[in-house]
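Peer 1: Before I ask anything, here is the structure I am working with.
The values are calculated or read from the model by the stated rules, or taken from the named source; none is laboratory data. Bear in mind the structure is a predicted one, so any value in this text is a computation, not a measurement. Glycine also receives a Cβ, built like all others from the backbone with ideal geometry; neighbour counts cover every protein chain displayed. Heavy atoms of the whole protein, side chains included, go into the accessibility calculation; ligands, DNA and RNA do not. Shrake-Rupley method; radii C 1.70, N 1.55, O 1.52, S 1.80 Å.
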Amino acid sequence: MHNAVQMDAAATPILQVEGLDIEYRSAAQASVAARDVAFSIGRGEVFGLVGESGSGKSTVLRSIIGLLHHKARVVGGAIRVAGQEVTRLNSAALAELRRRHVAMIFQDPLRALNPVMTIGAQLAEVMEAAGLRDRAEIHRRIVGALQDVGLADPEIRMRAYPHELSGGQRQRVAIAAALIRSPELILADEPTTALDVTIQDQILRLLYDLCRDKGMSVLLVTHDLGVVAEVCDRVGVLYAGRLVETGTVAQVLSAPSHPYTAALLASMPRKGERQARLRVIPGRPPESTIDGCPFAPRCAHALPACSAIPPVLAVHGADRASACWRHDELRERLAEEASVG
């Protein structure tokens, strides 16, 4: 479905994340949630951030608009949205950034929507927060937004409460609320996790088509490589708070250059294949920071040095980078492993 975005080399990305470090702090200790994360998103691009539960992907996403848990802190690096350094903004400037440039689609629309307000009232509130006061114009835009996301009878849906809609309809409303102000960047935190496969596909295609038509960029957080393959242009793979591989979707999914990416691909069920048991990645992610590569204890290709020296995310091709000391010598072997389900 996706088309690789051709960016002007001189164009400024809508989002730039550089050397991002995030910690969760308690009275007893500090734990690392993200370490030295760096990526950018071009205008009109769909970028997927993928990893298993606990990898830090949602934490990275929320840091972009200052929605971190109260115990989490950005302790290093930079986040720039539309050229503005987010970590230096005060609360008023951060609120203005959210109004003008960024919108977020949450994982659970039932929790994201106000249960005691009608759909129309909630979307009107979004428009009013953006400075629109003309009631007729607000009504026209809400109807148009609900039509854009494929909701039939928008005049009727406006009068409904969230609990009166299905899960797919609620997610369409959440997308409408995010798109109604035409933001430059959409942050989508696993927006289809709670939906069945058929509705999930409809929502992904809807989000993709709307953002393409309106020229918006998307940062899509997911644990599902199938979703990445469906809608993303480029992808970053997170493991234990570290970015271990980036590249175009075609590059990463067909020829992974990090053992973790290859293991994720190998664990996916294959269409048309019957298997007695799916492959799994042995062991568990580290619960605390380790000196070397965080994947080394689970990696079948690890050398003694991997547990002692942390690899850097190094560029090794056009729009390709990986954090593996052995990516050159393992390239063919990892591609073969990834293709074996």
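Peer 1: Got at least one residue in region 158-177 being among the aromatic types (Phe, Trp, Tyr) and modelled with pLDDT under 90?
Peer 2: No; the residues of region 158-177 include none that is among the aromatic types (Phe, Trp, Tyr) and modelled with pLDDT under 90.
Peer 1: Another one. Considering (1) of a type in the set (A, V, I, L, M, F, W, C); (2) in contact with a Pro (Cβ under 7 Å, 6 or more places away or on another chain); (3) in a helix (DSSP H, G or I), say which one Cys293 fails and leave the rest.
Peer 2: In the conditions (1) of a type in the set (A, V, I, L, M, F, W, C); (2) in contact with a Pro (Cβ under 7 Å, 6 or more places away or on another chain); (3) in a helix (DSSP H, G or I), Cys293 misses (3) alone.
Peer 1: Further question: Determine the pairs where a residue that is under 19 Å from Ile138 (Cβ atoms), located within region 151-180, has a partner that is polar (S, T, N, Q) and open to solvent by 40 Å² or more (accessible area, probe 1.4 Å) with Cβ atoms under 7 Å apart, the partner being 6 or more residues away or on another chain.
Peer 2: Matching pairs, first to second residue: Leu151/Gln169; Pro154/Gln147.
Peer 1: Residues in region 306-314: is at least one in a strand (DSSP E or B) and open to solvent by less than 20 Å² (accessible area, probe 1.4 Å)?
Peer 2: no
Peer 1: Among the listed residues Leu110, Leu97, Leu89, Leu132, identify the single one that is aliphatic (A, V, I, L, M) and within 21 Å of Val218 (Cβ to Cβ).
Peer 2: Result: Leu97 is the single residue among Leu110, Leu97, Leu89, Leu132 that is aliphatic (A, V, I, L, M) and within 21 Å of Val218 (Cβ to Cβ).
Peer 1: Restricting the search to region 31-49, which residues are outside any loop (DSSP other than H, G, I, E, B) and among the small types (Gly, Ala, Ser)?
Peer 2: Ser31, Ala33, Ala34, Ala38, Ser40, Gly48
Peer 1: Specify the residue that is nearest to the chain's Cα centre (by Cα); the eligible residues are those in region 280-305 that are open to solvent by less than 70 Å² (accessible area, probe 1.4 Å) and among the aliphatic types (A, V, I, L, M).
Peer 2: Ile281
Peer 1: Just give me the residues in region 321-334 being closer than 23 Å to Asp233 by Cβ and open to solvent by 30 Å² or more (accessible area, probe 1.4 Å), in sequence order.
Peer 2: Answer for region 321-334, where residues must be closer than 23 Å to Asp233 by Cβ and open to solvent by 30 Å² or more (accessible area, probe 1.4 Å): just Arg331.
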